[in-house]
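> Before I ask anything, let me first share the structure, which is written out below as structure tokens.
The values are calculated or read from the model by the stated rules, or taken from the named source; none is laboratory data. This is a predicted model, so every value here is computed, not measured. Don't worry about glycine lacking a Cβ; one is built from the backbone with ideal geometry, like all the others, and counts go over all protein chains shown. Ligands, DNA and RNA are excluded from the accessible area calculation, which covers all protein heavy atoms including side chains. Shrake-Rupley method; radii C 1.70, N 1.55, O 1.52, S 1.80 Å.
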Amino acid sequence: QTHTLNGSFSYARDGWTVSMIASYYTGRPYTPTVARASTVGSAAVLEFDDNSRRMPSRKNVDLLVRKAFPIRSLQVSLFVNAYNLLDIENQNSVWSETGTADYTTTIEPSAIPFDANRVGTIGDYSRISGYYAEPRRIEIGMAVGF
């Protein structure tokens, strides 16, 4: 990727800690391919230069809130960690012919046999979860130090 921008904020007072990390990355390069059923001319072979396209940019915000307080000889902390706070659907990978993780033209619907137990559509079949970053995750917990 050609550009990366990171920012952080931290505040601590009276046992409270609030910390935020935000990041922005421009898309990484990938090598596109010709979409299925594309018309590219008579007997022409269309090729793309290696890494000539870029995936979508990525954005993320993580937040930590913690409250620490002593109980006898213990240091107790209650915390909330929120990863991908804004629940942004970042794409880790893309289909090379479409440039997005959302759909592909390489799947031939008629080649996928009918299955009465299948949940979802053929379009859902092409949405690979590994092509997307983790959605919002919130952790709530307690830490005890002694």
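> Which net charge results when you count Lys and Arg as +1 and Asp and Glu as -1 among the other residues whose beta-carbon is under 13 Å from that of G7?
Net charge in that neighbourhood comes out at 0.
> Just the number please: accessible area per residue for the range 1-109, 1.4 Å probe, all protein chains included, in Å².
For the range 1-109, the solvent-accessible area averages 66 Å² per residue.
> Normalised by the residues of the range 1-142, what does the relative contact order come to in percent, with Cα pairs under 8 Å and at least six apart?
Result for the range 1-142 is 22 percent.
> Now a separate question. For the chain, set up a GNM with springs between Cα atoms under 10 Å and report which of G27, G99, G123 has the largest fluctuation.
With Cα springs under 10 Å in the chain, the top fluctuation among G27, G99, G123 is at G123.
> Now, a different point. In a shell of Cβ-Cβ distance under 13 Å around E89, excluding E89 itself, what net charge do Lys and Arg (+1) and Asp and Glu (-1) give?
Local net charge: +1.
> Would you tally the net charge around Y24, using a Cβ to Cβ cut-off of less than 11 Å, leaving Y24 out, and scoring K and R as +1, D and E as -1?
Here the charged neighbours net out to +2.
> Would you work out what percent of the accessible area of the chain, with all protein chains in place, is carbon or sulfur (probe 1.4 Å)?
Roughly 56 percent of what the probe reaches on the chain is carbon or sulfur.
> How high is the relative contact order of the range 71-146? Use alpha-carbon pairs under 8 Å, at least six apart in sequence, and give a whole percent.
57 percent
> At each listed q (0.19, 0.26 Å⁻¹), what is the log10 of I(q)/I(0) that the Debye formula gives for the range 55-129 modelled as equal alpha-carbon point scatterers?
Log-scaled intensity ratios, in q order: -0.90, -1.16.
> Helix-only mean residue ellipticity at 222 nm, the chain, DSSP H runs n ≥ 4 weighted -39,500 (n - 2.57), per residue, nearest 500. What is it?
-500 deg cm²/dmol
> Now for a separate question. Please check: in the Gaussian network model of the chain (C-alpha springs, under 10 Å), which one of V76, V34, V61 has the largest mean-square fluctuation.
Residue with maximal mean-square fluctuation among V76, V34, V61: V76.
> For semi-axes √(5λ) of the Cα gyration tensor in Å, several values are listed as (1) 46, 22, 8; (2) 68, 14, 12; (3) 23, 16, 14; flag the one computed from this structure.
(1)
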